[in-house]
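Q: Sharing a structure, written as structure tokens. Questions coming.
The values are calculated or read from the model by the stated rules, or taken from the named source; none is laboratory data. Keep in mind that this is a model prediction, so the values were computed, not measured. Counting neighbours? That spans all protein chains shown, and the Cβs are built from the backbone with ideal geometry, glycine included. Each accessible area value is taken on the protein alone, full model and side chains, heavy atoms only, with ligands, DNA and RNA left out. Shrake-Rupley method; radii C 1.70, N 1.55, O 1.52, S 1.80 Å.
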Amino acid sequence: MSKTCIIGIGIHPFGRTDGMTGLDMGVAAVRSALGDAGVEWRDMRFAYGGSDAAGNADTMVSRLGLTGIEFINVKNGCATGGSALMAGAAAIASGKADLGIAVGFDKHPRGAFDPKPAEWGLPDWYGETGLMLTTQFFAMKIQRYMQRFGISAETLGRVAEKSFRNGALADHAWRRTPVDLDTIMNAQMVSDPLTKYMFCSPAEGAVALVLASEDKARRMGVPIIRLESAVMRTRPAGSFEVFAPSVDIGGGTATATRTASHAAFEEAGIGPEDIDVAQLQDTEAGAEIMHMAENGFCADGEQEQWLAEGRTEIDGALPVNTDGGCIACGEPIGASGLRQVYENVTQLRGAGGARQVPGDPKLAYSHVYGAPGVSAVTILSR
Amino acid sequence: MTRPIADGILTDEHPPRLVGGQDRETGRIVFPMPSGHEGERFDPVPLAREGTIWTWTIQRFPPKSPPYAGPQPFEPFAVAYVELPGQVIVESRLTGFDFADLACGLPVTLTTLPFGETEDGDPIHTYAFGPAQ
């Protein structure tokens, strides 16, 4: 069974690009990834990808070339990119193909994300009474977490401050101006305890990754960045997830993230202590805090000290969200998970420039989370 | 006469209770009572009126309409998950609290809240939890 290598990466900058459709950005990302790998569209044996709200990925064949390629549209919420990557890795592992591409893109207007209850198996009143908001869920999850494990509001502020500082160093980020802690803490409250600077926003962007079998990558003589694991999981029993009108008594500890993370580490044969750089879903600042523990990097409550000591900074013991994460890049749903992998490949190649993690990182981790309780994790090695 | 925002969400008694669904095989309780085919393996079960705040937040900006159909002009409102001991933790609006007093563990009691009217002009109410009585 061949491991999958990522031999080319391409991104269309996140944020807002007037005059370009999501599909335009997807095509641009594919061309950029092909160029990075030094291969042609006609060399691709498969393409898997999609968007949540910006159209059918497979229509891009009319722009990239009618080679008859197997192109499967993926639509899996926040795990769209991760699912496309997993499908690609499965095609390579099976021996069916040795070269292909995964792509994710999206284009959400300001204030997008207005889910309809029926599409999530929920009654209309749940939306009518103002309970169906992801912002509320994240606020309530971190509210309880802060009380249980002694996390301060200032620690939430420090996460957002780091995001903007790192985003300022990333060409593909949207928010590229540092924001100081006082401004973050004193900004308009959105859903207590989270202020407006602590949330990510709906955005636009696209990412593509050229995938090859290890044999193929070696024959091509390109640097070997190996996909050690790619795991996607749905919510376990007793979890507390987005869009849940009720939670089991005693619930809230098990999460889709914990399940996916555990399986990913097992598949890779390593542990959290081995990871050199991590991109963790930061829909808002509290999510980054909680996901540090849910992915096994620290115990519940230790984040208070970690943030105070700067341990998740670019030059810290475990750099987290080195390109500013969702808070600085925004969240184009279909592209967000692949952006994390793009950033990890950049770091493993030592190509991070001003945001490069020091010490020659060898193992990189990425994690996405989304409604209605799904999580996707990847581990890359060099 | 005021009507609940959805059929089957509250009992007909006064004061009403929320109606959950109990899985016949496992005994697990969910809220609301699942409808249609999904509801076939559940029995409706009235839920406790008294509970404690499991977690909470304030909805400070108007949710998008649709689906939101709350009173205009918009006023920020508190939301919580309320633990009903031995049954289930339910998501709900809160009413009658100063936002500054909210905390996990606070005791609460089920009440109802006026929530607009039907096309025929009949008042609608939804459920909410208020300070313990």
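Q: With label points built 7 Å along Cα→Cβ from the Cα atoms of B:Thr26 and A:Ala93, find their separation and express it in nm.
A: 2.7 nm
Q: I would also like to ask the following. Out of B:Arg28, B:Arg93, B:Arg17, any idea which swings most in a Gaussian network model of chain B, alpha carbons joined below 10 Å?
A: It is B:Arg28.
Q: Return the carbon/sulfur percentage of the accessible area of chain B, one whole number, probe 1.4 Å, all protein chains in place.
A: Taking all protein chains in place, chain B shows 52 percent carbon and sulfur surface.
Q: Let me ask something else about it. Test of understanding: what is the full-extension gain from A:Ala351 to A:Thr234, defined as 0.36 nm times their sequence separation minus their Cα-Cα distance?
A: 38.8 nm
Q: How high is the relative contact order of chain A, in percent, counting Cα pairs under 8 Å that sit 6 or more residues apart?
A: RCO, chain A: 26 percent.
Q: If every alpha-carbon in the protein assembly as shown counts as one equal scatterer, what log10 I(q)/I(0) does Debye give at q = 0.06, 0.07 1/Å?
A: -0.29, -0.39
Q: Show me, for region A:47-56, the HN-Hα J-couplings you get by feeding each phi into the Karplus relation (A = 6.51, B = -1.76, C = 1.60, θ = phi - 60°), rounded to Hz, glycine and proline as x.
A: Per residue, the Karplus-derived 3J(HN,Hα) values read 9, 10, x, x, 9, 8, 9, 10, x, 7 Hz.
Q: Is the C-alpha gyration tensor of region B:3-131 telling us rounded, prolate or oblate? Criteria: a/c under 1.5 is rounded; beyond that, a/b larger than b/c is prolate, otherwise oblate.
A: Here region B:3-131 falls in the oblate category.
Q: Turning to a different aspect of this structure: Can you list the trypsin sites (Lys or Arg not before Pro) in region A:296-372 that are in a DSSP coil and have 16 or fewer other beta carbons within 10 angstrom?
A: Counting only loop positions with at most 16 other Cβ atoms within 10 Å, the trypsin sites (Lys or Arg not before Pro) in region A:296-372 are A:Lys362.
Q: At q = 0.17, 0.19, 0.24, 0.29 Å⁻¹, what base-10 log of I(q)/I(0) does the Debye formula yield for region A:1-63 when every alpha carbon is treated as an equal point scatterer in vacuo?
A: -0.65, -0.79, -1.16, -1.42
Q: With the cut-off at 20 Å, tell me which of the pairs A:Lys196/B:Lys64; A:Lys75/A:Lys162; A:Lys3/A:Lys96; A:Lys116/B:Lys64; A:Lys96/A:Lys216 have Cα atoms farther apart than that.
A: A:Lys75/A:Lys162, as the Cα separations exceed 20 Å there.
Q: Chains B and A: buried accessible surface, both sides, probe 1.4 Å, rounded to 100 Å²?
A: So the total buried area for this chain pair works out to about 3100 Å².
Q: What FRET efficiency do you get for B:Ala100 and B:Phe74 if R0 is 30 Å and r is their Cβ-Cβ distance, rounded to the nearest 0.05?
A: 0.90
Q: I need the phi-derived Karplus couplings for region A:22-31: 6.51 cos²θ - 1.76 cosθ + 1.60, θ = phi - 60°, integer Hz, Gly and Pro marked x.
A: Working through the residues one at a time gives x, 5, 4, 5, x, 4, 4, 5, 4, 4 Hz.
Q: Which of A:Trp174, A:Trp125, A:Trp41 moves the most in a Gaussian network model of chain A with Cα springs under 10 Å?
A: A:Trp125
Q: Something else about it: Could you check which residue among B:Asp43, B:Asp98, B:Asp120 shows the biggest mean-square fluctuation in a GNM of chain B with a 10 Å Cα cutoff?
A: B:Asp120
Q: Further question: Within region B:77-133, report the GluC sites (Glu not before Pro) that DSSP leaves as loop and that have at most 12 other Cβ atoms within 10 Å.
A: B:Glu119
Q: Could I ask something else about it? Which Cys in chain A stand alone, with every other cysteine's Cβ at 4.7 Å or more from theirs?
A: Cysteines lacking a close Cβ partner in chain A: A:Cys5, A:Cys78, A:Cys298, A:Cys329.
Q: Another question, if that's okay. I need the GluC sites (Glu not before Pro) found in region B:1-71, filtered to DSSP loop residues with at most 12 other beta carbons within 10 Å of theirs.
A: Answer by residue number: B:Glu13, B:Glu25.
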